[in-house]
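The values are calculated or read from the model by the stated rules, or taken from the named source; none is laboratory data. Quantities reported herein were computed from a predicted structural model and do not represent experimental measurements. Cβ: placed from backbone, ideal geometry, glycine included. Neighbour counts: every protein chain shown. Remember, those area values only see protein heavy atoms, side chains included, never the ligands or the DNA or RNA. Shrake-Rupley method; radii C 1.70, N 1.55, O 1.52, S 1.80 Å.
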Amino acid sequence: YSAKQSGRGFAVFEAELDRHSPRRLALAGGMRVAINEGQIQLYYQPKADLRTGRIMGVEALARWDHPEFGIVGPSEFVPIAEQTGLITPLTSFVLDAAIRQVRTWNDSGLELSVAVNLSARSFLDTQLAVEIPRLLARWDVEAEQLELEITESMLMTDPARAEATLTRLSQIGLTLSVDDFGTGYSSLANLKRLPVDVIKIDKSFVMEMAVDASDAAIVRSTIDLAHNLGLKVVAEGVESEDAWRQLETLGCDFAQGYYLSRPLPAEAATRLIRERGTGRDVPPPALRVV
Ligand code: C2E
Ligand code: MG
Ligand code: MG
Ligand code: MG
């Protein structure tokens, strides 16, 4: 039977048990080799300007192509990396691979930004502000082309430390985004004094906004408040044309989600980006829609 379906108490029990499950032990034990031997790959999900449909950037999403289990998602292996102390090499790997991919795109005339997700531990790692400029220099990529995504809970656990960390990172010239916005306990008022640039509205609100009036109200008021604070807004989980239109009407800036594209391996992402065009290049006159 599945303990997960039996309610919250069992879910906690299952989580305890899960720490010793053969699968978890195998993932924990194999992770270092996986990082070093290329079993972990980045997929890229595009993010478009809601008005023009042009691709402004991509989010790098890690996948583990495990020899025994097949594709393992980050929601499963990132927490294990945090618990086993392997999050630092994992984050270094992801940053390096993502920045290197931006260099590849720049070389082929595609200028767009890449967003990298940070775990709580990586966010508070003071080495990050040293490592990132080194990686940007290594691949000759501008800081403006790198975006870091952190979650509300990382900001609220130790607000003073979070503020110092964000200040250091924003001084490098990186774009800082608050991911999964609306799922934590912070409010936009808490974010007012922090050097963040972008709010990503959590997909749970966006996916339901066509059928749930309160989700629609949350999306609408988040967009308005964020704009009043000078922040850009990305809607995650845009799965339909209806949602896209609704967000466009609400004045949301960017959309990310299955309607535009699922996360794709680098080559497939490159093809899609070429088809759609990026935000920076000017379309040839013949392709302009009048
Ligand atoms: P996230 O940063 O909020 O990323 C968005 C997640 O939503 C991704 O799941 C993406 O595949 C999924 N998604 C995108 N569009 C849609 C949609 O239209 N509908 C639905 N239902 N889902 C959509 P994924 O790739 O499984 O990643 C899960 C989480 O794992 C991410 O959430 C992020 O917090 C974390 N993560 C991913 N890569 C990394 C990484 O390299 N490092 C760290 N620390 N965390 C990572
Ligand atoms: Mg994210
Ligand atoms: Mg998110
Ligand atoms: Mg999420």
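Among the candidates Ser153, Ser75, which residue alone is within 23 Å of Asn36 (Cα to Cα), open to solvent by 30 Å² or more (accessible area, probe 1.4 Å), within 16 Å of ligand 3 (Cβ to nearest atom) and in a helix (DSSP H, G or I)? The unique qualifying residue is Ser75. Out of the range 118-131, which residues are among the acidic types (Asp, Glu) and either in a loop (DSSP other than H, G, I, E, B) or crowded, with 21+ Cβ neighbours inside 10 Å (or both)? Residue satisfying the conditions is Asp125 alone. Only one entry in Arg138, Arg161, Arg168, Arg134 is in contact with a helix residue (DSSP H, G or I) (Cβ under 6 Å, 6 or more places away or on another chain) and open to solvent by 40 Å² or more (accessible area, probe 1.4 Å), namely Arg168.
Selection over the range 231-243 of residues that are within 18 Å of Ala213 (Cα to Cα), more than 10 Å from ligand 1 (Cβ to nearest atom) and open to solvent by less than 30 Å² (accessible area, probe 1.4 Å) gives a count of 0.
Scanning the range 249-272 for residues that are under 28 Å from Gly109 (Cα atoms) and either in a loop (DSSP other than H, G, I, E, B) or among the acidic types (Asp, Glu) (or both) returns Cys252, Asp253, Gly257, Tyr258, Tyr259, Leu260, Ser261, Arg262, Pro263, Glu267.
Is it true that some residue in the range 94-116 is of a type outside the set (Phe, Trp, Tyr), within 16 Å of ligand 4 (Cβ to nearest atom), part of a loop (DSSP other than H, G, I, E, B) and open to solvent by 10 Å² or more (accessible area, probe 1.4 Å)? No, the range 94-116 contains no residue that is of a type outside the set (Phe, Trp, Tyr), within 16 Å of ligand 4 (Cβ to nearest atom), part of a loop (DSSP other than H, G, I, E, B) and open to solvent by 10 Å² or more (accessible area, probe 1.4 Å). Kindly indicate the residue of the range 196-230 that is open to solvent by 40 Å² or more (accessible area, probe 1.4 Å), touching a helix residue (DSSP H, G or I) at 6+ places or on another chain (Cβ under 9 Å) and not in a helix (DSSP H, G or I) and also nearest to Ala160 (Cα to Cα) among those meeting that condition. So, considering only residues that are open to solvent by 40 Å² or more (accessible area, probe 1.4 Å), touching a helix residue (DSSP H, G or I) at 6+ places or on another chain (Cβ under 9 Å) and not in a helix (DSSP H, G or I), the one nearest to Ala160 (Cα to Cα) is Asp197. Scanning the range 171-189 for residues that are away from ligand 2 (no atom under 16 Å from the Cβ), aliphatic (A, V, I, L, M) and open to solvent by less than 30 Å² (accessible area, probe 1.4 Å) turns up just one, Leu188.
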